[in-house]
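Engineer: Take this structure, written in structure tokens, and hold onto it; I'll ask about it next.
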Amino acid sequence: MAKLLTVLLFPLICFASGLERIEDIEGIPEVAQREYILADSNQYDYIQTYGLLTCVGLVIFDEERKLGLLAHIDAQTDLDRELPRLLKQFSKNISVSLIGGSTDLADSIKEDLQSRGIVISLNLRGIENITISLRDGEIFEYDEMFLTTPYALQSAKVDRIHFGGSRLFRHMDSLGGGDYVEYNRQNENPFGFILNY
């Protein structure tokens, strides 16, 4: 009986993320690979990122100010330079979570943060898409349904990580502005689909 129970429960144990699932909501700012957003609850209700297959989502939340930061970190990110830059936006009263794919990368980030006296609140692997509530800092898992970022802008963000060295880019919708992304708006509909009737 114990073997049967183990066989039946094994998939649930292995694949349960521990995060509540929500529906994708159109219009939420999406953070691309090697990019971060800093936003508060007066600006947005939610922020999100997708595709954390081998990357790690770093979530920093200040409950008092309702201020959140979401970074989509890949293995090429210069952690020694970028983590202090992200942390300087916050006081010590924060919750920090690591969500995503690569255990080695998550361990490197965790070690760096712990060396700075920061405790990791949540550390989950195997999750690809996350949404963060800026009202309370809760992290949700979701299935990507609405690409809020136009195709041409997504493409330009992918292109810039090849030439941007190992830095994290600041999302255009961040508090105080973000890094400029140059792209051709005429290529926003590359497949020729009719978008307006």
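The values are calculated or read from the model by the stated rules, or taken from the named source; none is laboratory data. Worth saying up front: this structure is predicted, and the values here are computed from it rather than measured. Note that each Cβ is placed from the backbone with ideal geometry, even for glycine, and that neighbours are counted across all protein chains shown.
Engineer: Kindly provide the set of residues from the stretch 103-123 that are hydrophobic (A, V, I, L, M, F, W, C) and either loosely packed, with under 15 Cβ neighbours inside 10 Å or more than 17 Å from Ala75 (Cα to Cα) (or both), ordered by number.
Structural biologist: Residues satisfying the conditions are Ile118, Val119, Ile120, Leu122.
Engineer: Do you know which residues across the stretch 165-178 are within 19 Å of Thr148 (Cβ to Cβ), touching a residue at least 40 places away in the same chain (Cβ under 8 Å) and part of a loop (DSSP other than H, G, I, E, B)?
Structural biologist: His171, Asp173, Ser174, Leu175, Gly178
Engineer: With respect to Gly100, is the statement that it is surrounded by fewer than 16 Cβ atoms within 10 Å (Cβ to Cβ), at positive phi and in contact with a Leu (Cβ under 8 Å, 6 or more places away or on another chain) true?
Structural biologist: Numbers: surrounded by fewer than 16 Cβ atoms within 10 Å (Cβ to Cβ): no; at positive phi: yes; in contact with a Leu (Cβ under 8 Å, 6 or more places away or on another chain): yes.
No, not satisfied.
Engineer: Sticking with this structure for a sec: Looking only at the stretch 60-95, how many residues end up being crowded, with 22+ Cβ neighbours inside 10 Å and assigned to a strand (DSSP E or B)?
Structural biologist: Qualifying residue count for the region: 9.
Engineer: Assuming Lys110 fulfils every condition listed in (1) among the charged types (D, E, K, R); (2) free of Cβ contacts under 8 Å to residues at least 40 places away in the same chain; (3) in contact with a helix residue (DSSP H, G or I) (Cβ under 8 Å, 6 or more places away or on another chain) apart from one, which condition is it?
Structural biologist: Tallying (1) among the charged types (D, E, K, R); (2) free of Cβ contacts under 8 Å to residues at least 40 places away in the same chain; (3) in contact with a helix residue (DSSP H, G or I) (Cβ under 8 Å, 6 or more places away or on another chain), Lys110 fails exactly one: (3).
Engineer: Please specify each residue of the stretch 82-107 satisfying the condition of being without any contact (Cβ under 8 Å) to a residue 24 or more places away in the chain and of a type in the set (A, V, I, L, M).
Structural biologist: None; the set is empty.
Engineer: Look through the stretch 145-164, keep the residues that are part of a loop (DSSP other than H, G, I, E, B) and within 20 Å of Thr131 (Cβ to Cβ), and return whichever of them is modelled with the highest pLDDT.
Structural biologist: Met145
Engineer: Which one of these does Thr49 not meet: (1) surrounded by fewer than 15 Cβ atoms within 10 Å (Cβ to Cβ); (2) touching a His at 6+ places or on another chain (Cβ under 8 Å)?
Structural biologist: (1)
Engineer: Let me ask something additional. Taking the stretch 79-99 only, how many residues are more than 15 Å from Tyr36 (Cα to Cα) and of a type outside the set (A, V, I, L, M, F, W, C)?
Structural biologist: First, pick out the residues of the stretch 79-99 that are more than 15 Å from Tyr36 (Cα to Cα): 80, 91-95.
Next cut, of a type outside the set (A, V, I, L, M, F, W, C) only: 80, 91-93, 95.
Within the stretch 79-99, residues that are more than 15 Å from Tyr36 (Cα to Cα) and of a type outside the set (A, V, I, L, M, F, W, C) number 5.
Engineer: Hey, another quick one. So which residues in the stretch 112-130 are in a loop (DSSP other than H, G, I, E, B) and either at pLDDT 95 or above or within 29 Å of Leu147 (Cα to Cα) (or both)?
Structural biologist: Gly126, Ile127, Glu128, Asn129 - these are the residues of the stretch 112-130 that are in a loop (DSSP other than H, G, I, E, B) and either at pLDDT 95 or above or within 29 Å of Leu147 (Cα to Cα) (or both).
Engineer: Against the definition (part of a strand (DSSP E or B), at pLDDT 95 or above and under 18 Å from Glu144 (Cα atoms)), how does Ile47 come out, yes or no?
Structural biologist: yes
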